[in-house]
């Protein structure tokens, strides 16, 4: 069944006017018509069954029928990723949404090889991935900030899994012991500078961890770290 994210409150009989893009997708791409079933979610009220009520030239409206699944939010996990080239960053955001990250927080490091990104494009990718993967919320995509600024504002209650290439870092499966608030930090393809590595290792809430003996690209590292973190805490929701 087609799944769509909508901003509306969901209740029996509620009328849901879709935006132009969603309306065009249903009517022109998927060839849906009045009476066809659609699943909808808003990140607050769970997933609902809905049916197409009207099909106009620019606007399709739905009628919410009944709740199919109650609201559930996955583990409190952030992915902090140094900005990389557009294609790889888009892949990272898509896979982070599929793997259940609650937030993606781009950062600028000393060796970052990209200095800007289209955040709205990344948010659209995260939304589409959430629709397709069956999750009931959409991960937040933050505006990029410098690594030093992010660390200055860090909540020490959130553990930071710092994916480090240094030989004395422990494997992720050994570094993660609980499912409390966590963040995974993936550096740029040039690696962290010595000063950044020293700063990160001095933080009481940071745990340096290794993803293995090979040098991984940022997208591979992000996917691997997310998967290993979930395996460590036993939470695949």
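Given the structure, is residue 133 touching a helix residue (DSSP H, G or I) at 6+ places or on another chain (Cβ under 8 Å), modelled with pLDDT under 95 and closer than 30 Å to residue 49 by Cβ?
Numbers: touching a helix residue (DSSP H, G or I) at 6+ places or on another chain (Cβ under 8 Å): yes; modelled with pLDDT under 95: yes; closer than 30 Å to residue 49 by Cβ: yes.
Yes; evaluated as a whole, the condition is true for this residue.
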**Item:** Count of residues meeting criterion [part of a loop (DSSP other than H, G, I, E, B), farther than 11 Å from residue 109 by Cβ and in contact with a helix residue (DSSP H, G or I) (Cβ under 6 Å, 6 or more places away or on another chain)] in region 170-214
**Value:** 3
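Determine whether residue 231 is over 19 Å from residue 109 (Cα atoms) and assigned to a helix (DSSP H, G or I).
Yes; evaluated as a whole, the condition is true for this residue.
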**Asked** If you check residue 129 against the conditions, is it surrounded by 18 or more Cβ atoms within 10 Å (Cβ to Cβ) and assigned by TED's automatic domain parsing to the domain that holds residue 149?
**Response** yes
**Prompt:** With respect to residue 120, is the statement that it is assigned by TED's automatic domain parsing to the domain that holds residue 91, without any contact (Cβ under 8 Å) to a residue 40 or more places away in the chain, surrounded by fewer than 19 Cβ atoms within 10 Å (Cβ to Cβ) and outside any strand (DSSP E or B) true?
**Reply:** yes
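Yes or no: region 134-141 includes at least one residue that is surrounded by fewer than 19 Cβ atoms within 10 Å (Cβ to Cβ) and either assigned to a helix (DSSP H, G or I) or free of Cβ contacts under 8 Å to residues at least 40 places away in the same chain (or both).
Residues of region 134-141 that are surrounded by fewer than 19 Cβ atoms within 10 Å (Cβ to Cβ), as a first pass: 134, 137, 140.
Filter again for either assigned to a helix (DSSP H, G or I) or free of Cβ contacts under 8 Å to residues at least 40 places away in the same chain (or both), leaving 140.
Yes, some residue in region 134-141 is surrounded by fewer than 19 Cβ atoms within 10 Å (Cβ to Cβ) and either assigned to a helix (DSSP H, G or I) or free of Cβ contacts under 8 Å to residues at least 40 places away in the same chain (or both).
Mind listing whichever residues of region 142-163 are more than 30 Å from residue 39 (Cβ to Cβ) and assigned to a loop (DSSP other than H, G, I, E, B)? Talk me through it step by step, then tell me what you get.
Step one: filter region 142-163 for residues more than 30 Å from residue 39 (Cβ to Cβ), giving 143-163.
Scanning region 142-163 gives 143, 144, 153, 154, 155, 156, 157, 158.
Let's see how each residue does on (1) in the same structural domain as residue 185 (by TED's automatic domain parsing); (2) under 27 Å from residue 182 (Cβ atoms); (3) at pLDDT 95 or above:
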site	(1), (2), (3)
14	no, no, yes
23	no, no, yes
28	no, no, no
38	no, no, yes
44	no, yes, yes
62	no, no, yes
92	yes, yes, yes
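I'd like the full set of residues that are in a helix (DSSP H, G or I) and surrounded by fewer than 19 Cβ atoms within 10 Å (Cβ to Cβ), limited to region 24-47.
Just the residues of region 24-47 that are in a helix (DSSP H, G or I), to begin with: 24-29.
Once the filter is applied, which keeps residues that are in a helix (DSSP H, G or I) and surrounded by fewer than 19 Cβ atoms within 10 Å (Cβ to Cβ), region 24-47 yields 24, 25, 28, 29.
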**Request:** Return yes when residue 200 is surrounded by 19 or more Cβ atoms within 10 Å (Cβ to Cβ), farther than 13 Å from residue 80 by Cβ and either touching a strand residue (DSSP E or B) at 6+ places or on another chain (Cβ under 7 Å) or not assigned by TED's automatic domain parsing to the domain that holds residue 19 (or both) and no when it is not.
**Result:** no
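Only one of these is at pLDDT below 95, on the phi > 0 side of the Ramachandran plot and assigned by TED's automatic domain parsing to the domain that holds residue 98: 167, 187, 191, 180. Name it.
Working: 167 fails: on the phi > 0 side of the Ramachandran plot; 187 fails: on the phi > 0 side of the Ramachandran plot; 180 fails: on the phi > 0 side of the Ramachandran plot.
Only one candidate qualifies: 191.
The values are calculated or read from the model by the stated rules, or taken from the named source; none is laboratory data. Because the structure is a prediction, the values reported are computed rather than measured. Ideal geometry is used to build each Cβ from the backbone, glycine not excepted, and the neighbour counts take in all protein chains shown.
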